[in-house]
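Working notes, beginning with the structure itself.
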Amino acid sequence: MKKIILSVFAVIIISTASLAQAGFRLGIKGGTDLTKLSGESFNNGYMAGYQLGGFMEIDFSKSIGIEPEVLFNEYTGRTATTLGSVFTNNQDVKLNYLSIPVLLRLNANKMLTFVVGPQYSILVNPHETTLQNGQDAFKSGDFAAVGGLQINLSALRIYGRYVIGLNNISDVGNQDNWKSQQIQLGIGIKL
């Protein structure tokens, strides 16, 4: 399933890029993720993680385009003391995701861009977040909505985003609904 999703994503990007050669740009980006895992099983604070990856900017006109990305994200959370005895790895939870956002770009002007769109993330370390009984604690995928803004300074991109998980990422059962939230801050460089 993961290979199919990535293959479809690659075909869409390649075909879209061929239609918009004049407005096509590639780049790399990185920054910090302030992550909150919500649910009764987790403390309510944001914890720092990171993100690294690449992006494409495909403009259809001066004011609209898309920005597909591939990012490696580390989400960090802390379990509530009542759940700490259930996890095998103490109380800190680190989730590594391969995230694929496909964002609509709304260019207010040359310097300011608003982005909004869906993001699908694939958990790449499911067996490192197991319960003491050996069961994986988190589902393999997370679907989210993304919104934010970006400042464009020649080849430099400075961005801030809010990402909210839309589905329950708990694989433990239905007793608690776990969702992710991130505040992302970072920089990108257009190649």
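Here is how the numbers come out for the structure above:
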{"quantity": "Selection from the stretch 104-122 of residues that are of a type in the set (A, V, I, L, M) and out of contact with any Phe, Trp or Tyr (no Cβ under 9 Å at 6 or more places or on another chain)", "calculated": "Met111, Leu112, Val116"}
{"quantity": "Residue list for the stretch 90-114, filter: over 19 Å from Gln51 (Cβ atoms) and either among the hydroxyl-bearing types (Ser, Thr, Tyr) or in a strand (DSSP E or B) (or both)", "calculated": "Leu104, Leu106, Asn107, Leu112, Phe114"}
{"quantity": "Pairs, first in contact (Cβ under 8 Å) with a residue 12 or more places away in the chain and within 24 Å of Leu123 (Cα to Cα) in the stretch 96-108, second not hydrophobic (A, V, I, L, M, F, W, C) and not in a strand (DSSP E or B), C-beta under 7 Å, six or more apart", "calculated": "Asn96/Asn125"}
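Condition check ((1) at pLDDT 60 or above; (2) in a helix (DSSP H, G or I); (3) farther than 25 Å from Gly160 by Cα; (4) in contact with a Ser or Thr (Cβ under 9 Å, 6 or more places away or on another chain)) across all residues:
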position	(1), (2), (3), (4)
Ile14	yes, yes, yes, no
Gly27	yes, no, no, no
Glu57	yes, no, no, yes
Lys62	yes, no, no, no
Phe72	yes, no, no, yes
Gly77	yes, no, no, yes
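Okay, residues lined up against (1) part of a strand (DSSP E or B); (2) among the small types (Gly, Ala, Ser); (3) at pLDDT 95 or above; (4) in contact with a strand residue (DSSP E or B) (Cβ under 9 Å, 6 or more places away or on another chain):
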{"residue": "Val116", "(1), (2), (3), (4)": "yes, no, yes, yes"}
{"residue": "Ser121", "(1), (2), (3), (4)": "yes, yes, no, yes"}
{"residue": "Gly134", "(1), (2), (3), (4)": "no, yes, no, no"}
{"residue": "Gly148", "(1), (2), (3), (4)": "yes, yes, yes, yes"}
{"residue": "Ile158", "(1), (2), (3), (4)": "yes, no, yes, yes"}
{"residue": "Arg161", "(1), (2), (3), (4)": "yes, no, yes, yes"}
{"residue": "Asn168", "(1), (2), (3), (4)": "no, no, no, yes"}
{"residue": "Gln175", "(1), (2), (3), (4)": "no, no, no, no"}
{"residue": "Ile189", "(1), (2), (3), (4)": "yes, no, yes, yes"}
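The values are calculated or read from the model by the stated rules, or taken from the named source; none is laboratory data. Owing to the predicted nature of the structure, the values given are computational and were not obtained by experimental measurement. Here the Cβ is made from the backbone with ideal geometry for all residues, glycine too, and neighbour counts use every protein chain on show.
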